[in-house]
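Peer 1: Have a look at the structure that comes next, please.
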Amino acid sequence: MAYRKTPAEVRRLEAAREHLVVRATEVVAEAGWAQASVSAVADAAGIAAGSVYQHFPSKSALAVEVFRRAARREVEVLGEVLAGDGDAVERLRRGVDVFARRALENHGLAHALLAAPVEPAVGAERLAFRRRYRTLFAEVIEEGVTAGVLPAQHPETTAAALTGAVGEVLVYPLGTSAAHDVDLLVARLTAVALRCAGATP
């Protein structure tokens, strides 16, 4: 008969895996993908490097899990804001504002998610999540067109341009240690976003 883990063992392994992912995320946020080696993550988690492979078959698999979890949370937050109160223009403005501020508050992790060089498996995840951002923006833009608060346009095209613009504007501030006026940067970014969608100032 094949050995089956007891419920207690399963819980222990799940907790250990969760701890490992949390520590790996912290390493990525502090040092970037390039420095998030298996040894560095294992040290941060307080385990032997070999123990990492009890939970993930490779460094790449661990990196993908770190990216998925962090990016999924940002998508969830953006989705909640874009589905909130107010007309489409206000929700679009608030969505870009919240997204940018969250990124700038945790610039190390945000830079890793948005722009830092990554291996192909994580790059594929990045593209998948960019599509999710585009879909969220497209939905609110389409609502705005239907309600007459935004001009007629192709929502998917505008959403793709908007997603790219938001990421590009944030790349430099996230990738440098130089001080930035966050309020001014966010105000400029939201203004660009609204112009991109054709909102009346």
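The values are calculated or read from the model by the stated rules, or taken from the named source; none is laboratory data. Note that this is a predicted model, so its numbers are computed, not measured. Every residue, glycine among them, receives a Cβ derived from its backbone with ideal geometry; neighbour counts consider all protein chains shown. Accessible surface is based on the protein model in full, side chains and every heavy atom, while ligands, DNA and RNA are left aside. Shrake-Rupley method; radii C 1.70, N 1.55, O 1.52, S 1.80 Å.
Peer 1: If I ask for residues that are more than 16 Å from GLU105 (Cβ to Cβ) and among the acidic types (Asp, Glu), which ones from region 144-189 would you list?
Peer 2: If the condition is that a residue be more than 16 Å from GLU105 (Cβ to Cβ) and among the acidic types (Asp, Glu), then GLU156, GLU168 are the ones that fit.
Peer 1: Between a residue in region 139-159 that is polar (S, T, N, Q) and any residue that is surrounded by fewer than 23 Cβ atoms within 10 Å (Cβ to Cβ) and not in a helix (DSSP H, G or I), which pairs come within a Cβ distance under 9 Å, given they are 6 or more apart or on different chains?
Peer 2: GLN153/GLY198; THR158/GLY198
Peer 1: Here are some conditions: (1) surrounded by fewer than 17 Cβ atoms within 10 Å (Cβ to Cβ); (2) under 18 Å from ALA24 (Cα atoms); (3) under 12 Å from the mean Cα position of the chain (by Cα). LEU127 meets all but one. Which one does it not meet?
Peer 2: The one condition LEU127 does not meet is (2).
Peer 1: If I ask for residues that are of a type in the set (S, T, N, Q) and modelled with pLDDT of 95 or more, which ones from region 152-201 would you list?
Peer 2: GLN153, THR157, THR158, THR163, THR190 - these are the residues of region 152-201 that are of a type in the set (S, T, N, Q) and modelled with pLDDT of 95 or more.
Peer 1: Being open to solvent by 30 Å² or more (accessible area, probe 1.4 Å), in a loop (DSSP other than H, G, I, E, B) and out of contact with any Phe, Trp or Tyr (no Cβ under 9 Å at 6 or more places or on another chain) is true for just one of THR157, THR146, THR200. Which residue is that?
Peer 2: THR200
Peer 1: One residue is enough: does region 169-187 have a residue meeting the conditions out of contact with any His (no Cβ under 8 Å at 6 or more places or on another chain), open to solvent by less than 70 Å² (accessible area, probe 1.4 Å) and closer than 24 Å to VAL66 by Cβ?
Peer 2: Checked against the condition, which is being out of contact with any His (no Cβ under 8 Å at 6 or more places or on another chain), open to solvent by less than 70 Å² (accessible area, probe 1.4 Å) and closer than 24 Å to VAL66 by Cβ, region 169-187 yields at least one hit.
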